[in-house]
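Visitor: Pasting a structure here, questions to come.
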Amino acid sequence: MRILVINGPNLNRLGKREPTIYGKETLEQIMETLEEKAKGLGCEIVHKQSNHEGDLIDWIHQAETDFDGVILNAGAFTHYSYAIRDAITSISLPAIEVHLSNIYARESFRHTSVLSEVVIGQISGFGKVGYELALRGLLHYLKGEER
Ligand code: DQA
């Protein structure tokens with residue numbers, strides 16, 4: 001199994017950005033840990049980050065040919081990007097939405113995700129561990145195991 005992990009805007013600032021909300025680890029550190037976890041689970045991950053909406057859309061499209069599923073933290077695009085939502089529905093792969101913070105316990109504009117209807121599940125509020133939870137959930141789904 002090959003899983004594409006996409007991180008969106010401002011997530012390259014992890015470690016420096018509001019550490020009480022997003023934690024002290026950098027995105028590189030979080031992805032390194034996830035790569036290790038992935039090996040242990042017998043799968044491979046590739047991770048990409050961009051601050052630009054079009055990059056996220058292109059990577060979602062490209063995932064269809066080389067990957068079995070997508071894990072996506074779209075950052076603030078989560079709350080309003082119909083273009084990213086349409087990119088997810090344009091491919092036949094399952095996607096999981098991740099948020100480090102609990103978006104429902106924060107400002108009201110974060111309570112809406114325009115992506116949640118088109119992903120197989122959402123993980124929000126578990127910090128960096130959320131990526132591993134998403135990976136486990138996605139593999140479980142891909143293997144067709146009972147819910
Ligand atoms: C986030 C939550 C979003 O509301 C915010 O804009 C982010 C990060 C999270 O991981 O908690 O950039 O997706």
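Visitor: State the percentage of accessible surface on the chain attributable to carbon and sulfur atoms; use a 1.4 Å probe and exclude ligands, DNA and RNA.
Guide: Ligands and nucleic acids excluded, carbon and sulfur give 48 percent.
Visitor: Residue 123's amide H: which non-local residues (gap 5+, or another chain) put their own amide H closer than 5 Å, with H modeled 1.01 Å from N in plane and none for Pro or chain starts?
Guide: Those lying under 5 Å, H to H, from residue 123 are 97, 98, 99.
Visitor: Starting from 0 in steps of 10 Å, tell me what percent of the Cα-Cα pairs of the chain lands in each bin.
Guide: Over the chain, the share of Cα pairs per 10 Å bin runs 12, 46, 36, 6 percent.
Visitor: List the longest stretch of the chain that has no exposed loop site; here a site is one of the GluC sites (Glu not before Pro) assigned by DSSP to anything other than H, G, I, E or B, with at most 14 other Cβ within 10 Å.
Guide: Answer from the scan: 1-106.
Visitor: On to the next question. With every protein chain present, what is the per residue accessible area of the stretch 1-86 (1.4 Å probe, Å²)?
Guide: Heavy-atom accessible area per residue stands at 51 Å².
Visitor: Could I ask something else about it? Residue by residue, what Karplus-based ³J(HN,Hα) values in Hz, rounded to whole numbers, does the stretch 29-45 have, using 6.51, -1.76 and 1.60 with θ = phi - 60° and x for Gly and Pro?
Guide: My calculation for the stretch 29-45 gives 5, 5, 6, 5, 4, 5, 4, 4, 4, 4, 4, x, 8, x, 9, 10, 10 Hz in order.
Visitor: How large is the Kirkwood hydrodynamic radius of the stretch 67-108, in angstrom, based on all distinct alpha carbon pairs?
Guide: After inverting the mean inverse Cα-Cα distance, the result is 11.4 Å.
Visitor: Could you list which residues have their amide H under 5 Å from that of residue 71, counting only those 5 or more apart in sequence or on another chain, with H placed in the peptide plane?
Guide: 4, 5, 6, 96
Visitor: Still on this model: Explain nothing, just compute: Karplus ³J(HN,Hα) = 6.51 cos²θ - 1.76 cosθ + 1.60, θ = phi - 60°, for every residue of the stretch 62-73 in order, whole Hz, x for Gly and Pro.
Guide: So the Karplus estimates, Gly and Pro as x, are 5, 4, 4, 7, 10, 10, 9, x, 10, 10, 10, 10 Hz.
Visitor: Hey, another quick one. When the Karplus curve 6.51 cos²θ - 1.76 cosθ + 1.60 is applied with θ = phi - 60°, which whole-Hz ³J(HN,Hα) does each residue of the stretch 4-12 get, with x for Gly and Pro?
Guide: Values, residue by residue: 9, 10, 10, 10, x, x, 6, 6, 5 Hz.
The values are calculated or read from the model by the stated rules, or taken from the named source; none is laboratory data. Small disclaimer: the values here were computed from a predicted structure and weren't measured. Using ideal geometry, Cβ is built from the backbone for each residue, glycine included, and neighbour counts are taken over all protein chains shown. In case anyone asks, the SASA skips ligands and DNA or RNA and just uses the protein heavy atoms, side chains included. Shrake-Rupley method; radii C 1.70, N 1.55, O 1.52, S 1.80 Å.
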